[in-house]
Each structure stands twice: as structure tokens, then as C-alpha cells.
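Readers should treat all values here as calculations from the given coordinates under stated rules, not as data from a laboratory. Every value quoted in this text rests on a predicted model; they were computed, and no experiment measured them. In this analysis, Cβ positions are derived from the backbone assuming ideal geometry, glycine residues included, and neighbour counts consider all displayed protein chains.
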Amino acid sequence: IIGPQRVLPGRLSVSRTFGDIEAKLPKFEGNPNVIVATPDIKSFRIQEDHDFIILGCDGIFDKLSNKEAIECVWNSVRDVKSLNIHQQTGLGVEYILKNSLLRRTLDNVTVVLVSFENF
């Protein structure tokens, strides 16, 4: 499959299918249980040795694995070391965005990088 996953019937990306009438209603050959709006939540305690958290939409993770997104941030640190934490965080976001765009993502590219003191 090239590009984002689509839900059929209907043709919307997964996150936009929650209210898609064609994907939901049986009269349009839809299935009301195909996509449910129950979030997948992971909870964890932030430890002193944690450096950052990446929050990204499917346009990022359609083209980058978790490991590749993390490597983008560390590559930004390797390439430019004299920045303060705020500038370095912004550069990390830029590296993630550019890498997903260079891989021709076909979807929204939103990234939030939360850096901790350890970063």
C-alpha cells in the first residue's frame, strides 16, 4: 500500500472515518464496528533520564518508524550543538517534518516535541 491507510467502504483515512456515513451505515455496505472512537492510551511516569516525547500524526508515522523519528531528533543534536533547549527542540521538529516530507508523505504532518531538562 502506498500512502495512508483508507477505510472501505468510504474512502477516508482512519482518523477521519469516525463519522463517515459510508463506512458506518449498513445501507451503504458499511460496518458500524469497523472504526471505533475509543482512543489507545498509554500511561507512564516520566523519569529523570527521559530526554523528550514525540507526538506526531499519521502523516509522520506513515513514513517514519518510531526509531527513525527518534533518530531525526538525535541527528539534529549531532548536526547543531550550540543551541539552547528551545531552539534544539524546534530543530528536532524540523528534522522530523523534513524527513517525512522527503519520503513523500501524503497526509497531514503535525509534530509536537516535548523536551525535558535532560535533553
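Some values worked out for this structure:
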quantity	calculated
Residue 107 vs. criteria surrounded by 11 or more Cβ atoms within 10 Å (Cβ to Cβ), in a loop (DSSP other than H, G, I, E, B) and either in contact (Cβ under 8 Å) with a residue 60 or more places away in the chain or not charged (D, E, K, R) (or both)	yes
Of residues in segment 98-116 being in contact with a Cys (Cβ under 9 Å, 6 or more places away or on another chain) and among the hydrophobic types (A, V, I, L, M, F, W, C), the one nearest to residue 70 (Cα to Cα)	111
Segment 46-69: number of residues that are within 21 Å of residue 104 (Cβ to Cβ) and not polar (S, T, N, Q)	13
